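This report refers to the structure that appears directly beneath it.
Coordinate-derived values only; no laboratory data. The shown structure was predicted, so the numbers you read here are calculated from the model rather than taken from an experiment. No Cβ is skipped: glycine too gets one built from the backbone with ideal geometry, and neighbour counts run over all protein chains shown.
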Amino acid sequence: MPQVTIKTGIIDSEGHEEVLHAYLCDWPDCPNEAVHALGVIRELRVASALCDEHFTALKAQRKPDQER
């Protein structure tokens, strides 16, 4: 899951530049921000997350007995 960092150039009240961080969706070729975590493999330090659009599509593909 790639992380995007944007330096705004705006200085806050403490004198630090405001920086925005976001993670991108793990779906191939999707530029949207990831908002739903799918899971983590702690030993490998790997996480996966999807945007709303792809999370909804993946959820629709699941069988009813797979729902939690």
- Message: Just want to confirm a number: the relative contact order over the chain, from Cα pairs under 8 angstrom separated by 6+ residues, in percent.
- Response: 23 percent
- Item | Helix 52-61 vs. the chain, principal-axis angle (Cα, 0 to 90°, nearest 10) | 10 degrees
- With eigenvalues of the C-alpha gyration tensor scaled by 5 and rooted, segment 25-68, Å: 19, 16, 7
- Task: Extending each Cα 7 Å along its Cβ direction at Ala57 and Glu17, get the distance between those two points in nm, one decimal.
- Result: 3.5 nm
- Message: What's the ranking of 52-60, 39-47 by average number of surrounding C-beta atoms within 10 Å, highest first?
- Response: 52-60, 39-47
